[in-house]
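Rule-based calculations on the coordinates, nothing more; no lab input. Treat the numbers as computed from the prediction; the structure is a model and nothing was measured. Here the Cβ positions follow ideal geometry from the backbone for every residue, glycine too, while neighbour counts run over all protein chains shown.
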Amino acid sequence: MIAAYLLREGRGVSVSAHRRIVLIAVVGALIISTSGPLVRLSDVAPATSALFRCAYAVPPILLLAWLERRRLGPMPRKALIPAWAAGVTFALDLLFWHHAIEYVGAGLATVLGNLQVFIVAFAAWALFKERPSSRLMAGTPVVFAGVVLISGVFDSAAYGSDPAMGVLAGVATSVSYAAFLLLMKGGSGRAAGPLAHATVVATILIALLSPVFGGADFVPEWPAHGWLLLLALGPQVVGWSLITFSLPRQPAALTALLLLVQPLTTVALSALALGERPSPLQLAGCAVVVLGVLYGSRRSQPALAAAEQDAQVPKTSTV
């Protein structure tokens, strides 16, 4: 059902369909925002939760990829290597992030993991000579000031078992996350196929790397694995299918803003469902990070209009 809708929407889209694509991205980010709380509720080792969120997702995501293949044919061979590379970066993303959750809680770990906005921008500068905007340059030190506040360096009441290690794991998450998004944005434009390849590769690699990241328990126990099954079917399959579909089909200027729905919602969910209570300084750091990313990711109105026009022209021309 999801695959059929995505495939139907994927063929040439109008302006109204473009708005629906933005809505799809927001819904995907909202679903993904439940990842952190579900990981905490499972109460298993970080490597275990990372492994099974992918392993349980493999059968349904393969089914979606098969339905997509029936409609569109096989994935282009040139899209396979980026999808496999995305699987490698996604495995590292999950391993680092699930450790960050253990160190600093689901809410703050998700905020730290979304520093990818700046990493992607500066990676594009280094790789593709795309100079970041002056807003992005000005927002960078602001964001990292917020990261310092979250780390608890100046805060005796900082939340988390090891806030400093949480920041290190969170920054490593952002680097891996940024690489994953860049690889998925540059893929074939499909949703289920690339995600299926990435999920299978991530599952295998997490299993192989698990001893390095504290070890995984390969024997399912309930009810812990009930939460992991929800994590796999919800955020991993549905959430990431929606995000993967929308990434190549929306203006680049909107990507960072839409993904910010995830950390903001996770902080709220973690406070309500898990009783996480970051200190005032850590909450201030969270606000500083979000405001810095919002400011840094904004573009001038002419540039935004041009980006939206570029994103819409090829879609409307195929109707």
- Note on the structure: A correct Karplus calculation of ³J(HN,Hα) over segment 79-84, with 6.51 cos²θ - 1.76 cosθ + 1.60, θ = phi - 60°, whole Hz and x for Gly and Pro, returns 8, 6, 5, x, 5, 5
- Protection-proxy order for peptides 70-78, 21-29, each taking the mean of Cβ atoms within 10 Å per residue, highest first: 21-29, 70-78
